[in-house]
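Reading through the structure tokens given below for one structure.
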């Protein structure tokens, strides 16, 4: 079976399938964006960025926690450089996501790498991690990733815009904000395939709670190191036991 | 439009600064190590760092109330998180685990509060 003329078309279709699959999978996350997006929009306007600034911040930073930290520092009268640096420290965890992605993409153009980086947030990263773990859309990972981004990025901008103009007035009993940790749990649990990873998650979770009081969410970075170390130790112990088991 | 709508020059410096800096963090490894193999130990450490970071994000959001661990106020959330985890482990997917967790939370708060 060789229809040379039809091959590119088939390839394009698969890219489109990957895009649509990513889009569909991420639609579920849109409600979880509403409460935090509203709050970030309100905070940006209160910090004096203006409605337009609030929208631009959501669009170009696309990173809720750092937006909240930035606007909080500006509102409290901190020097501009401190406010920006603080927001950036909150986003340092994204370097870990960047490293993970860099190991599974190859033969990319610079434009493709810019697209990977531009839309790299917690949710799009976790969906790609899942896609990778399941071995799906290996030929079109970027299309899948962009499908995910095509729903989440506009949703983030829309919720921030709504917050900037309308304020954040959701009924507190809905607790919609709780869908964020639940969505992370739903995405991470299927990734726990080894004792090392499970140990890393437990250690990271404990460290995250114990070190929560550290400024600028530095507890996250510390928890990341502690969790990875615990995981590596578990790996090493299991390897030692396997060697010993082999000898006896 | 009022001047409030447009924001201030300082505000725009902050917006541009955070946007560019955040992009550089995101681009760091993707830009310079894409397709280049990092040592296997490092790659394994990354694999382990991912669940650690997300657990560190999730646990405080579940067990804390106003920056304090408050099991009295948060036990319904802990049960809900557990239900979401179990459903995710058993069935996978996104919608079902989240709906199961939120339903559990609403049910507990309806019955006990």
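Peptides B:45-58, A:34-47, A:64-77 ranked from most to least packed give B:45-58, A:34-47, A:64-77, packing being the mean of other C-beta atoms within 10 angstrom over each peptide's residues. The P(r) of segment B:1-85 has a tail past 15 Å containing 77 percent of all C-alpha pairs. Take each residue in A:213-225, count the other chain C-beta atoms within 10 Å of its C-beta, and the mean is 3.
For the peptide A:80-90, the mean number of other protein chain Cβ atoms found within 10 angstrom of a residue's Cβ is 4. Compute the distance from the alpha-carbon center of segment B:42-62 to that of segment B:79-103, in whole Å. Centre-to-centre (Cα) distance: 19 Å.
In the elastic network of chain A, a GNM with C-alpha springs shorter than 10 Å, the most mobile of A:204, A:87, A:22 is A:204. Of A:150, A:63, A:133, the residue with the greatest mean-square motion in the GNM of chain A, using alpha carbon springs below 10 Å, is A:133. Subtracting the Cα-Cα distance of residue B:86 and residue B:8 from their residue separation scaled by 0.36 nm leaves 23.2 nm.
Among the residues of A:226-234, the average count of other protein chain beta-carbon atoms within 10 Å of the residue beta-carbon is 5. Stretched out straight at 0.36 nm per residue, the stretch from residue B:110 to residue B:16 would grow longer than its current Cα-Cα span by 29.3 nm. Based on the Cβ-Cβ distance of residue A:138 and residue B:37, what FRET efficiency does E = 1/(1 + (r/R0)^6) give at R0 = 22 Å, to the nearest 0.05? Plugging the Cβ-Cβ distance into 1/(1 + (r/R0)^6) gives 0.80. For chain A, the share of alpha carbon pairs falling in successive 10 Å distance bins from zero is 7, 25, 32, 22, 9, 4, 1, 0 percent.
For the residues A:155, A:198, A:124, a GNM of chain A with alpha-carbon springs under 10 Å puts the largest fluctuation on A:198. Computing FRET efficiency as 1/(1 + (r/R0)^6) for residue A:109 and residue A:162, where r is the C-beta to C-beta distance and R0 is 45 Å, gives about 0.80. Projection of the Cα convex hull of segment A:102-189, averaged over all directions and equal to a quarter of that hull's surface, yields 7.1 nm². The separation of segment A:113-179 from segment A:180-224, counted between C-alpha centres, amounts to 19 Å. Both radii were evaluated on the Cα set of segment A:192-243; the Rg over Rh quotient, with Rh as the Kirkwood radius, amounts to 1.10. Arranged from fewest to most other beta-carbon atoms within 10 Å of their beta carbon, A:116, B:89, A:153 become B:89, A:153, A:116. In this simple spin-label model, placing a label point 7 Å from the Cα along the Cα-to-Cβ direction at both residue B:71 and residue A:17 gives a separation of 5.0 nm. Compactness of segment B:39-113 was expressed as the Cα radius of gyration divided by 2.2 N^0.38 Å, which yields 1.34. Please find the FRET efficiency linking residue A:46 to residue A:81, where r is the Cβ-Cβ separation and R0 is fixed at 22 Å, and quote it to the nearest 0.05. About 0.60, to the nearest 0.05.
Read the figures in this text as sums done on the coordinates, not as results from a lab. Model, not experiment: these values are computed from the prediction. Positions of Cβ are backbone-derived with ideal geometry, glycine not excepted, and every protein chain shown enters the neighbour counts.
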